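Q: Quick one: structure below, then a few questions.
The values are calculated or read from the model by the stated rules, or taken from the named source; none is laboratory data. Just so you know, these numbers come straight off a predicted model, no measurement behind them. The area values use the complete protein model at the heavy-atom level, side chains included, leaving out ligands, DNA and RNA. Shrake-Rupley method; radii C 1.70, N 1.55, O 1.52, S 1.80 Å.
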Amino acid sequence: MTSTPATPEKWLEVFETAVRACDFAAGRTMFADDAVAFGTWARAVAGLANIEREQWQNVWPRIRGFHFEPDTLVRASGDHAWIAGSWSTEVTGPDGRPFERPGRGTFVLERRGGRWLAVHSHFSLLPSQSESAHGRLPNQ
């Protein structure tokens with residue numbers, strides 16, 4: 001990656017492209033070295049090298065078509081911004097059949113040295129997937 005996205009909206013587009021291409025080098029240019037992340041694979045990790053090793057390398061090679069939905073919210077004020085929205089990917093299940101894997105994600109961005117960098121990201125699967133994995137709580 002030779003240039004830094006000029007806006008948080010463009011940052012998100014470039015990040016989606018990096019994920020779809022499994023381009024870890026491009027992803028690293030978009031995150032601060034001291035970033036913190038919560039993920040669908042890693043519970044909580046601090047530091048860019050750990051985020052890449054514990055989250056990205058375990059997820060990006062296994063997914064296809066990663067994208068945030070068009071109604072994703074992007075807000076900026078001064079040197080800070082946040083992004084929150086639904087995302088979707090396709091994965092291959094244990095039975096070898098593809099299925100859609102939707103979730104939600106947020107980013108906190110800071111402009112450092114004129115560049116937008118993620119200082120926090122949080123990815124989670126939809127609650128419906130939690131229900132199938134953990135069961136439904138009885139009504140109280």
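Q: How large is the accessible surface per residue of the chain, computed with a 1.4 Å probe and reported in Å² as a whole number?
A: 58
Q: Using only Cα positions of segment 1-59, each an equal point scatterer, no hydration layer, compute I(q)/I(0) via Debye at q = 0.15, 0.27, 0.28, 0.29 Å⁻¹ and quote the log10 values to two decimals.
A: Reported log10 I(q)/I(0), two decimals: -0.42, -1.20, -1.24, -1.28.
Q: Here is a follow-up. Please express the Cα-Cα pair-distance distribution P(r) of the chain as a list of whole percents, one per 10 Å bin, running from 0 to the bin with the greatest distance.
A: Each 10 Å bin holds this share of Cα pairs: 12, 42, 33, 11, 3, 0.
Q: Ignoring ligands, DNA and RNA, what percent of the 1.4 Å accessible area of the chain is carbon and sulfur?
A: So the carbon and sulfur contribution to the accessible surface is 52 percent.
Q: What are the equivalent ellipsoid semi-axes of segment 25-102, built from the alpha-carbon gyration tensor (square roots of five times its eigenvalues), in whole angstrom, biggest first?
A: So the equivalent ellipsoid measures 24, 18, 10 Å along its semi-axes.
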